[in-house]
Structures are given as structure tokens and as C-alpha cells.
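A short worksheet on the structure shown next.
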């Protein structure tokens, strides 16, 4: 597994932080490595609390590819997805999710709603968490520390 | 509590069914009764598995009102929201959710991920389910029965 997509997302997440957005970034990547869509959080810019990077990336990938299911694609994201984004990935039948930092407070994969662990969940991607966890987590902690001061 | 918004949504959901969309409709309504945004599912039309009526209505309401939180607004929807839409409502701090049919298979409020019952859920709207349950459920059952034949 290459960590390169997460490294690229860290660069995008840093741009988000400079724009006042929580520094989280996500991309949809094809099996051949082609990046179909990349977004950072746009909650502040769009004034829309649902404008998470993962959801925007999934929606854009569907639009660009003209298909509602993304079985052969991987969702890369710097933070464990929340329940909204995890369920969005289930709806889109995302093949694989590779994410950076764990999120005990807001995550919905390993924490909280544990979307994919529900008996009613109709699609469970392959999931790899904790990739470049230290870097992804440090960026978020630095952002919130600066906001508090 | 008025059932009028759900009655209006049933009309919109019927239009969805005619267009081949799963007949679910949702609206964001202000305290004075003004309808800010109404959508039916647009999964087929957009080729986007995340294009649920509730999510589209929340996103449009944020865009129209220019605000990311909708504390004083009610989300009306003909079916129990899934985990994606329930968590979207939590992110947007929706004041109240009033929904029609219960959804043991795909719901994320009373079933499955039970988003608002999680200790990590940061916002729980007032929730009223089962409003015009029979009519909302019958429309969905008729749609799927016709699809199977």
C-alpha cells in the first residue's frame, strides 16, 4: 500500500487550514492510481456543515464518472470518516477506505455509530486506518490549538 | 403538529417514482411554516448514490440561507433517515426531524447505526417518527413491488 495519496492529501489539508477550514482532505483514486477527485473540507467556504471532504469527493467522482457505484475505487482521507461519510461510502459501494488519524470523538468507522459493523449495513469496504496517523493527527491538533489561542 | 408538510412530500415522492427514483421526499421548513428547500431522491438522475432527499434539502437550505447551522428548522421526510442523512442533520444542528415510515432495513435513527443514540453524537434533534406512516410506507412498497414484476 502506497502512502503517497495520504501525503498529497496532507498538502491539500494544509491549504484548508490556511483558509480557516478544519484541515481534512480526501480523494477518490482509481485502481491504476488516477486521482478522480480531491477535496478538503469546505464547511466554512460553503456555509454548509455537510461539506466534508469525503462526501464532496464521492459526489464529484460519481459526477465525473457518470456512475453511482465506485466498487473499484479507494477513498483516501486524512481522518477517520464520520457516520455521514462512512454511510455515503457504503451507499456508493466504495471498494476500499484508507484513512490517517483515528477519531474517537467524531469517527463513525471504529468509533461512535460504527456504520460498517451494523447488521443492516449492505456494503463494507476494505478498511485500513492509521496510515500516516502521526502527521494527520498533528496537523489537526496544531489547527485547533491555534484556534483556541 | 401539522401533517401538511408530509402530505406535500408524498406528492413530490410520487413524482420521484414516476421518474424511476425511490419515492422518498424531504423538506426543510422554517418555524413560520416557510418551506426553504424540498427534494425527492435524485440518485438515478444524478448517478450519485448519496443524492438522498434529506441531504439535498439540507445542503440547499444551507446554501439559500447562507448559514451552516439550522437550529430553528425542521427536517420533514417520508422515511426514517439513513445514517448518512441522520449524521448530516446532526452536523447541521437541525432542530427537529419529523418522518413518515420507519425503516428497519436502512434507517439510522431508530435502527442500525442509531446515530443520535451514540455518546459521541454532539447534537440530537427533537424526533417524531411514524407520521402518516401508512401512506409513506405504502408508496414505497408499491414502488418496489412494481420494480420486481
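Here residue A:120 clears all of (1) surrounded by fewer than 18 Cβ atoms within 10 Å (Cβ to Cβ); (2) over 15 Å from residue B:83 (Cα atoms) except the condition numbered (2). Only residues that are assigned to a loop (DSSP other than H, G, I, E, B), in contact (Cβ under 8 Å) with a residue 40 or more places away in the chain and out of contact with any helix residue (DSSP H, G or I) (no Cβ under 7 Å at 6 or more places or on another chain): list them for the stretch B:1-38, please. If the condition is that a residue be assigned to a loop (DSSP other than H, G, I, E, B), in contact (Cβ under 8 Å) with a residue 40 or more places away in the chain and out of contact with any helix residue (DSSP H, G or I) (no Cβ under 7 Å at 6 or more places or on another chain), then B:1, B:3, B:30, B:31 are the ones that fit. Checking each residue in the stretch A:66-82 for being facing another protein chain (nearest Cβ under 8 Å) and surrounded by fewer than 24 Cβ atoms within 10 Å (Cβ to Cβ) picks out A:66, A:67, A:68, A:69. All conditions but one from (1) under 15 Å from residue A:87 (Cα atoms); (2) within 7 Å of chain A (Cβ to nearest Cβ) apply to residue B:54; the one that does not is (2). Taken together, the criteria place residue A:147 among residues that are under 13 Å from residue A:23 (Cα atoms) and in a helix (DSSP H, G or I).
Taken together, the values in this text are just the output of simple stated rules run on the coordinates, not laboratory data. Keep in mind the model is a prediction, meaning the values are calculated, not measured. Virtual Cβ from ideal backbone geometry, glycine too; neighbours counted across all protein chains shown.
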